[in-house]
Amino acid sequence: MSFDTQRHLLNQLEPAALVGQFGLHPPEGFAFVQVGPGLPAFDADFGLLTTAEPAFRKRVESWPLHRFWQRWLRLRTRFVGSTVSEYAWLPGEGSLSALAAQLRRESASRTLLIVKDIPQQSPLLDDVDNRRSAEFLRACADQGFILVEGQALAWLPIDFASIDEYLSRFSRSRRRDIRRKLRSRADLEVEVLETGEAFAEPGRAEDFYALYLSVYAQSEIHFDLLSLEFFRGILRDAGSGGRVFVYRAQGRMIGWNLCYIHGDKLVDKFIGLEYPAARDHNLYAVSWIENLEYARRHGLGHYVAGWTDPEVKAQLGARFTFTRHAVYPRNGLLRWMLRRISRYFESDRSWRETHRDGADAAA
């Protein structure tokens with residue numbers, strides 16, 4: 001299904017064309033739909049333990065006869081949002097109470113409804129976006145949705161004149177560790193390509209997709225497997241503001257990173273890595289610094305570094321802003337249970353509380 005990329009919606013940190021490709025080529029097992037006033041959404045089978053804290057997941061999996069009843073933990077779910085946008089997009093006008101009620105009605109045939117990644121006073125959004133998001137959260141609560149703490153979105157202001165100034169803010173030991181990892185940069189060739197013509201050659205997208213699959217295979221959560229067709233679409237889109245950072249060692253591509261220039265932000269979206277070469281060359285730290293330097297050199301105000309690995313990103317100086325999910329189980333018993341166990345699905349909140357001093361200082 002195509003998505004109306006001309007419609008103005010709030011909370012956008014990425015080009016609408018990215019969600020347009022998500023609509024045309026949704027991940028494996030997803031069905032893209034539009035709900036309410038043209039909001040992107042999708043239906044998918046969702047394992048209730050997918051985002052549970054590891055200790056809680058292991059405890060449930062240890063219960064008697066788990067292998068027989070575990071299938072009942074997979075529910076047909078309507079997600080409002082997409083897996084390629086940082087935040088849930090919302091309309092700029094109209095009643096948000098009516099919207100929350102409409103989403104419930106439109107999803108009545110699904111066991112579970114989740115409005116994902118609603119921002120909470122995000123420093124990356126303006127006052128209108130944040131006010132409407134807060135109003136929508138209240139409207140969802142009034143409609144009986146359960147509000148669950150979401151993930152930690154990493155970001156940094158580009159408020160330094162050089163990478164040396166940026167590194168000077170770290171402790172001596174941390175600075176020494178980062179500089180040690182950055183020595184690998186001397187062994188790498190780095191090229192920045194704009195999406196579009198550079199990826200038109202047949203077979204070009206396949207090379208990049210293979211490294212995306214390498215990262216997907218080693219990740220702990222397997223939920224949204226994006227397709228080759230999706231990557232062909234975004235890599236060949238010349239008008240989206242995409243920048244692909246390509247890393248080669250001895251002429252062989254060992255990693256790439258697709259970011260978007262959107263407004264005054266460089267938004268990090270997708271990565272592909274060849275293991276173990278990417279680890280051997282400390283590509284995570286090297287690419288982080290390359291992205292910061294690119295944003296600084298081009299006069300951008302923020303680097304948005306995505307959701308995963310908050311611990312590692314905190315060590316590299318990231319700040320964090322948090323979201324909430326609004327969850328509505330159709331079954332009353334499931335709703336009652338989720339209210340009592342929702343804390344076990346808030347791993348990033350647990351991380352924030354464990355590292356409260358650093359997270360609060362960075363927020």
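Nothing in this text is a laboratory measurement; each read-out follows from the coordinates by a stated rule. Bear in mind the structure is a predicted one, so any value in this text is a computation, not a measurement. A quick note on method: Cβ atoms are made from the backbone with ideal geometry, for glycine too, and the neighbour counts reach across all protein chains shown.
Using a Förster distance of 30 angstrom, determine the FRET efficiency expected from the C-beta separation of Leu147 and Leu225, and round it to 0.05. Working shown, then result.
Values: r = 28 Å, r/R0 = 0.95.
Given R0 = 30 Å and the Cβ-Cβ separation, E is 0.60.
Between the DSSP loop rule and a limit of at most 11 other Cβ atoms within 10 Å, which GluC sites (Glu not before Pro) in region 203-289 are left?
Glu220
Calculate how large, on average over all directions, the projected area of the Cα convex hull of region 160-300 is; give the answer in nm² to one decimal.
9.4
Place the peptides 189-202, 231-244, 131-144 in order of packing, highest mean first, counting for every residue the other Cβ atoms within 10 Å and averaging per peptide. Could you put the intermediate results ahead of the total?
Details: 189-202: 13.5, 231-244: 19.8, 131-144: 17.6.
For the peptides 189-202, 231-244, 131-144, the packing ranking is 231-244, 131-144, 189-202.
For Ser173 and His8, compute 0.36 nm times the residue count separating them, minus their Cα-Cα distance, and round to one decimal in nm.
Full extension from Ser173 to His8 adds 54.8 nm.
Using unit Cβ charges (K, R positive; D, E negative) and no other charged atoms, how large, in debye to the nearest 20, is the dipole of region 160-300 about its Cα centre?
860
Applying 1/(1 + (r/R0)^6) with R0 = 41 Å to the Cβ-Cβ distance of Val215 and Phe160, what FRET efficiency is obtained, to the nearest 0.05?
0.90
Calculate the length of the line joining the C-alpha centroid of region 71-120 to that of region 270-328, in whole Å.
27
Largest first and in whole Å, what are the equivalent-ellipsoid semi-axes of region 149-240 based on the Cα gyration tensor, each being the root of 5 times an eigenvalue?
Here the semi-axes work out to 32, 20, 16 Å.
Give the relative contact order (percent, whole number) for region 215-305; include only Cα pairs under 8 Å separated by 6+ residues.
22
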